[in-house]
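Here is the structure we will look at.
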Amino acid sequence: MSSVISTDVLIVGAGVAGLWLNARLRRLGYSTVLVERASLGGEQTLKSQGIIHGGAKYALHGALTGASEAIADMPRRWREALAGNGELDLSGVRLLSEAHYLWSPGTLAGNLTSFFASKAVRGRVDQVKGDQLPPALQDPAFKGKVYRLAELVVDVPSLLARLAELAGDSLLAGEHIEPLHEGNELVGLRVDGRDIRAQRVVLSAGAGNAALLQSLGLSQPAMQRRPLHMVMAKGPSLKPLYAHCLGGGPKPRITVTTHPAADGQWVWYLGGDLAEAEGVAREPEAQIAAARKEVAGLLPWVDLSQVQWATVRVDRAEPAQSGLVRPDNAFLADQQRLLVGWPTKLALAPDFADRVLNSLERDGIKPGNLPALPPLPKPPLAQPVWEQLLP
């Protein structure tokens, strides 16, 4: 006979969206259970670059798009949480950089793009020079321009560890997830033989949402995948760099973030246009060759002779959009007790939680007076992807 658990909100998917939502709900007095099939943050979240965007990268042609405006308040909310006085207490999470940068390599196209970007986001961009430059660009050979953005870069592993702490006893490792119906109404989920009844069920499992919806006999909301082919480099010559390198197009030519490896070295994690389109079509060896050529051309003073390289493919899971365009905001759809959503970007996790909380308030869902949860098996924290692929 299966055991029965009652909770206010049952969440499936412990990436940053599910973990952030879970922490918000618990802080407001809701009882929650957060189910994860694999490891905490092990898919999209830990493969992200940790950039808390404020919209500048979406305004590289001088126009403030819907995406740039929708995300503009995220850095402030994250900073408050990281300082311990925001909607969550994330004090203790490692901040890798107080700012992200726009970097023009000195080409005509790059300089024009940086100029238009700076005008479009006036008040969010300041030019920096000399010892204010990122360490990797403090070389006499560097002739470009650099703008400091009012954004930040967080260490995703330490973020996941803190959100797991805030989850307390609510985490549940569960492999087999089935719908739990009463008549024709969804009243919860059966997870590895445990019947979990809830006032609301939230699916925040990223790419896993599609299979979960199928198990519930649903085809909507539809999901799209936008692939990336990211590149990692680790070596003693690499210095910290957190920047979008600008080209002449609407996307950064290359986006670099720097992450600490367990052996004390720095890892450059490379995205941007390099990781999209042509990069997705390349085999790993060809993608590494393309990245090495790009870095050598942009930063010729960096010694790459002892650098190790690897690639990782990432499928960004999002609500389906016409033409596979990137959604501007976090997304949430509700069908009676079921809420289904995607944050679309790590930075938008607070926006996703807002949408769930607004839905609960609209429907009059209040914290119940429920008994404490029994001891539950917990999923492990995911290991950083560079630790898995770069020895």
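Here the range 244-272 is the region considered, the condition is being modelled with pLDDT under 95 and of a type in the set (D, E, K, R), and the residue that is surrounded by the fewest Cβ atoms within 10 Å (Cβ to Cβ) is K251. Where strands (runs of 3 or more DSSP E) sit wholly within the range 167-243, those with at least 2 residues that are surrounded by fewer than 20 Cβ atoms within 10 Å (Cβ to Cβ) occupy 177-182, 185-191, 194-203, 223-235.
Every residue, every condition in (1) closer than 23 Å to G368 by Cα; (2) in the same structural domain as A349 (by TED's automatic domain parsing), yes or no:
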residue: K143; (1), (2): no, no
residue: R148; (1), (2): no, no
residue: R162; (1), (2): no, yes
residue: V187; (1), (2): yes, yes
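Right, Q287: more than 30 Å from Q224 (Cα to Cα) and at pLDDT 95 or above or not? No: the conditions fail for Q287. The residue that is farthest from F352 (Cα to Cα), among those in the range 95-127 that are surrounded by fewer than 16 Cβ atoms within 10 Å (Cβ to Cβ) and at pLDDT 75 or above, is G106.
Hey, does the range 359-378 have a residue that's within 20 Å of the chain's Cα centre (by Cα) and touching a residue at least 12 places away in the same chain (Cβ under 8 Å)? It would help to see each step written out before you state the result.
Within the range 359-378, the subset within 20 Å of the chain's Cα centre (by Cα) is none.
The answer is no, given that none of the residues of the range 359-378 is within 20 Å of the chain's Cα centre (by Cα) and touching a residue at least 12 places away in the same chain (Cβ under 8 Å).
Being part of a strand (DSSP E or B) and either in contact with a helix residue (DSSP H, G or I) (Cβ under 9 Å, 6 or more places away or on another chain) or under 25 Å from G29 (Cα atoms) (or both) is the filter here, so list the residues in the range 133-166 that pass it. Reasoning before the result, please.
Here is the first cut: in the range 133-166, the ones part of a strand (DSSP E or B) are 145-149, 152-154.
Hits for the range 133-166 are K145, V146, Y147, R148, L149, L152, V154.
Suppose we keep only residues that are crowded, with 17+ Cβ neighbours inside 10 Å and farther than 21 Å from E36 by Cβ within the range 379-391. Which one would you say is nearest to the chain's Cα centre (by Cα)? Of everything passing the filter in the range 379-391, W386 is nearest to the chain's Cα centre (by Cα). From the list A330, A353, A317, the lone residue that is touching a Leu at 6+ places or on another chain (Cβ under 8 Å), closer than 30 Å to G279 by Cα and crowded, with 18+ Cβ neighbours inside 10 Å is A330.
Contact map, the range 26-45: residues that are more than 30 Å from R226 (Cα to Cα) paired with residues that are assigned to a loop (DSSP other than H, G, I, E, B) and at pLDDT below 95, Cβ distance under 6 Å, separation 6+ or inter-chain. Pairs shown: S31/L370. Among the residues of the range 162-197, the ones that are farther than 30 Å from G84 by Cα and of a type in the set (G, A, S) come to 4 in all.
Inside the range 301-391, counting only strands (runs of 3 or more DSSP E) that do not spill past its ends, which hold 2 or more residues that are of a type outside the set (A, V, I, L, M) and closer than 18 Å to R225 by Cα? Don't jump to the end; show me each part of the working.
Working: elements: 308-319, 331-335, 338-342.
Ranges flagged: 308-319, 338-342.
Among residues of the range 295-317 that are touching a residue at least 40 places away in the same chain (Cβ under 8 Å) and under 25 Å from G144 (Cβ atoms), those with a beta-carbon under 9 Å from a residue that is among the charged types (D, E, K, R) and part of a helix (DSSP H, G or I) at least six positions away or on a different chain give the pairs L304/R292; V307/R292; W309/R292. Note on the range 269-300: among residues that are hydrophobic (A, V, I, L, M, F, W, C), touching a helix residue (DSSP H, G or I) at 6+ places or on another chain (Cβ under 8 Å) and not in a helix (DSSP H, G or I), the one that is farthest from K234 (Cα to Cα) is L299. For the condition modelled with pLDDT of 95 or more, in the same structural domain as R337 (by TED's automatic domain parsing), over 18 Å from the mean Cα position of the chain (by Cα) and not polar (S, T, N, Q), L28 qualifies.
The values are calculated or read from the model by the stated rules, or taken from the named source; none is laboratory data. These figures come from a predicted structure and were not determined experimentally. Reconstructed Cβ throughout: ideal geometry from the backbone, glycine too, with neighbour counts over all protein chains shown.
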